[in-house]
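Written out below as structure tokens is the structure these notes cover.
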Amino acid sequence: MTSVFGKPRASTGPPSVPLEVNLAILGRRGAGKSALTVKFLTKRFISEYDPNLEDTYSSEETVDHQPIHLRVMDTADPDTPRNCERYLNWAHAFLVVYSVDSRQSFEGSSSYLELLALHTKETQRSYPALLLGNKLDMAQYRQVTKAEGAALAGRFGCLFFEVSACLDFEHVQHVFHEAVREARRELERCPPARPLFISEDRAPTHQAPLTARHGLASCTFNTLSTVSLKEMPTMAQAKLVTVKSSRAQSKRKAPTLTLLKGFKIF
Ligand SMILES: Nc1nc2c(ncn2[C@@H]2O[C@H](COP(=O)(O)OP(=O)(O)OP(=O)(O)O)[C@@H](O)[C@H]2O)c(=O)[nH]1
């Protein structure tokens, strides 16, 4: 224990490194992906947005006392899943969103779940997905029953929630944190191999040749003597904007606040 001005302070040791979790939000246009993302990040409901904007946001979260560096990709596919590698190869977990007042968006969410199932099969890895029926506040205009949502989620073995981006923040936060928990479980169960790529233009410095270090036949590895291995660079296309909800709250007095690129928050 240490003490500052007579107040006892627990000795915490070195700060724990946050776990990095990437979350992609998928769904048909108008399902409420952006509204849910912004609600989660700022506790606010947006009414104006750029439907063609796709961006990735980052937020420092604490889930079950563990620091998490969460990145959220609010995707914007045109009408159907398109160029999906950008999120399939990036995300640790997926939120698939439909709107309870739109049968079309529900059918769209089914296509996304099928896409994820195919990706799971192809990569032989498991990708947690949560199915969200959004716009629960519009329940009087329902086109999709809760039972139908639950049945679809059951078919793909994923968690299911009905939410509203314009009702309570805690419920939306709970859903995002559930996605983090699912991703964390999977990352613990099956840690990803650290990806490497080979760059042929730089010789390794201060290193004995592979052949000498491993006693391998020189003819086999001669070509590797000018190769260096590096970690894969981070995705170039992901633009990160860090949002601190406390900052958002302190600027509440501003009549219109543009906090996230492309979003107007009132
Ligand atoms: N009543 C209600 N309206 C919502 C809710 N969520 C989103 N909306 C509205 O639905 C419309 C579409 O919401 P977005 O968040 O832009 O939907 P999106 O899925 O991001 O759509 P794209 O950006 O076109 O891909 C907007 O007018 C939102 O204000 C909700 O929970 N309840």
Heavy-atom SASA rank of 127, 112 (probe 1.4 Å, accessible area, largest first)
127, 112
In square angstrom, what is the accessible area per residue of region 19-189 with a 1.4 angstrom probe?
43 Å²
Across region 19-189, how many lysine pairs separated by 8 or more positions, or lying on different chains, have Cα atoms within less than 23 Å?
7
Checking rank on 62-74, 32-44, with mean other Cβ inside 10 Å and highest first, the result is 32-44, 62-74
Above 30 Å lies some portion of the pair distances; for region 19-189, what is it as a whole percent of all C-alpha pairs?
9 percent
With all protein chains present, region 19-189 has a carbon and sulfur share of its accessible area (1.4 Å probe) in percent of 48 percent
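The values are calculated or read from the model by the stated rules, or taken from the named source; none is laboratory data. Because the structure is a prediction, the values reported are computed rather than measured. Using ideal geometry, Cβ is built from the backbone for each residue, glycine included, and neighbour counts are taken over all protein chains shown. What goes into the accessible areas is simple: the full protein's heavy atoms, side chains included, and nothing from ligands, DNA or RNA. Shrake-Rupley method; radii C 1.70, N 1.55, O 1.52, S 1.80 Å.
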